[in-house]
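This report concerns only the one structure given below.
The values are calculated or read from the model by the stated rules, or taken from the named source; none is laboratory data. Since we're looking at a predicted model, the values are computed, not measured. As a convention, Cβ positions derive from the backbone with ideal geometry for all residues, glycine included, and neighbour counts pool all protein chains shown. In case anyone asks, the SASA skips ligands and DNA or RNA and just uses the protein heavy atoms, side chains included. Shrake-Rupley method; radii C 1.70, N 1.55, O 1.52, S 1.80 Å.
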Amino acid sequence: EGLASISPTAIAYDAGTSVLWIGYSDGALDRLDPATGLVESFFDIRRTDQFSARQVARLRVGAGVVYAATGNGIVVFDTDRLEVRDSYVRLGPLEAGVVVRDVLEAPLPDGTPGLWAATAGGVVRAAQSANLLEPGAWTLEANGPGDAEALAGFQGDVMAGTSQDVLQRRTDGTWARLFLTGSPVTALIADGPRLLGVDPFSVVVFEPGQASPRLFVRGPTASGDIMPDQIGVPDGPRSNQIDDIDAGRDGEVWLATRRTINRTTVARRDGNGTWRVFTEAEGLPTSSMLSALADRDGGFWGGSSSDGLVRIDPEGAVTVFDTENSSILSGLSNPDFVPVVDAAFDGDGHTTGSSTKFGE
């Protein structure tokens, strides 16, 4: 649809101009107008030959600018003139072209407007009134985290997402752990009285004086409700751990995924682009799905790692064939261990799984 690349790595919405900015792993930058669909692409970062790392790790919208945290420093893009205004590649005592993971406009310790950056060498800050092209304008946080991945300004303090938690910068210059999670926090955003963070498995919510919940995104329940509170899940597969894929004759596509985060899924996309996801709530086994076979009637066959052969009929009813209701044999001496690594149709139109025939 006109985007510059297929590998987006950063995204930011500019509420002042109602446009979306998208950064890519190769340094390309897109300006997308959602109202018109118009895309303008800019390749200034991609074309740089001074440093090899060009990935846009984060985009932050400022007053008339977009800050791009890149693999070789901070790029300031003028959103009015649509061109690069500045590039900051020497940040204090850090090596030239240091990897920058996030950028934040937030007050300095003395209250003046400042610019903060989370880099591969630590957290640095500078006064926005200074000449930020000069390395001396930048100060390295001596007590700051060296593994900061994300930054946010929250209730007058600077917060940093790190490899194991969220840290808060205190007025004395030290950084204190909030004990929200033991996992990496790769994104932070202030939302009124709450600070939201993302770790590999959940949305972490911090609200001073309140319990700090972790909201796990598990998708729709059997009743159709979304769990947990106000966490939306888009249409499509619930996992990117896809072990097999097959397409049916009417344009439907079936995906089989391995078990992740205590969940096994099969996803179906029909010819109109509508997704339906099957989980254990619909009758899937608890083991990983290893194969996907689209049936001629619009249904599905799939092998599981330990629970037999799965059949989903065109109406969505799930049946699991194992040693109790079919001629499939168990593995080893355990009758409950029934691995079926694949399934296929033979010349007579039968479904064959693990060398055992089933009538259609």
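Could you calculate the contour length gain from ALA190 to ILE11, that is, 0.36 nm times the residue separation minus the distance between their Cα atoms, to one decimal place in nm? If you can, show how the numbers build up before the last one.
Numbers: separation 179, 0.36 × 179 = 64.44 nm, distance 1.63 nm.
Difference between extended and current length: 62.8 nm.
A DSSP coil position with no more than 15 other Cβ atoms inside 10 Å describes the following GluC sites (Glu not before Pro) in region 1-96: GLU1, GLU95. The list [x] 37, 22, 19; [y] 40, 24, 19; [z] 49, 24, 18 gives values of semi-axes √(5λ) of the Cα gyration tensor in Å, and only one came from this structure; which label was calculated from it? Given [x] 37, 22, 19; [y] 40, 24, 19; [z] 49, 24, 18, the structure-derived one carries the label [z]. Please work out whether region 116-157 counts as rounded, prolate or oblate from its C-alpha gyration tensor, where a ≥ b ≥ c are the square roots of the eigenvalues and a/c under 1.5 means rounded, while otherwise a/b larger than b/c means prolate and anything else oblate? Oblate is the answer for region 116-157, as a/c is 1.5 or above yet b/c matches or exceeds a/b.
When +1 charges are put on Lys and Arg Cβ atoms and -1 charges on Asp and Glu Cβ atoms, the dipole computed for the chain relative to its Cα centre reaches about 940 debye. Expressed as a whole percent, the accessible area of region 1-143 that falls on carbon and sulfur atoms is 49 (1.4 Å probe). In this structure, the amide hydrogen of GLY283, modeled 1.01 Å from its nitrogen in the peptide plane, lies closer than 5 angstrom to no residue at least 5 positions away or on a different chain.
What shape does region 69-114 take by its C-alpha gyration tensor, where a ≥ b ≥ c are the square roots of the eigenvalues and a/c under 1.5 counts as rounded, a/b above b/c as prolate, and the rest as oblate?
Numbers: a/c = 2.19, a/b = 1.08, b/c = 2.02.
Oblate, since a/c reaches 1.5 and b/c is not below a/b.
Pull out a ≥ b ≥ c, the square roots of the eigenvalues of the alpha-carbon gyration tensor of region 25-131, then state rounded if a/c is under 1.5, prolate if not and a/b is larger than b/c, and oblate in the remaining case.
Numbers: a/c = 2.15, a/b = 1.31, b/c = 1.64.
The shape class here is oblate.
Each Lys or Arg adds one and each Asp or Glu subtracts one; over the other residues with Cβ under 13 Å from the Cβ of ASN143, this totals +2. For region 254-346, the list of chymotrypsin sites (Phe, Trp or Tyr not before Pro) that fall in a loop by DSSP and count at most 16 other C-beta atoms within 10 angstrom reads PHE337.
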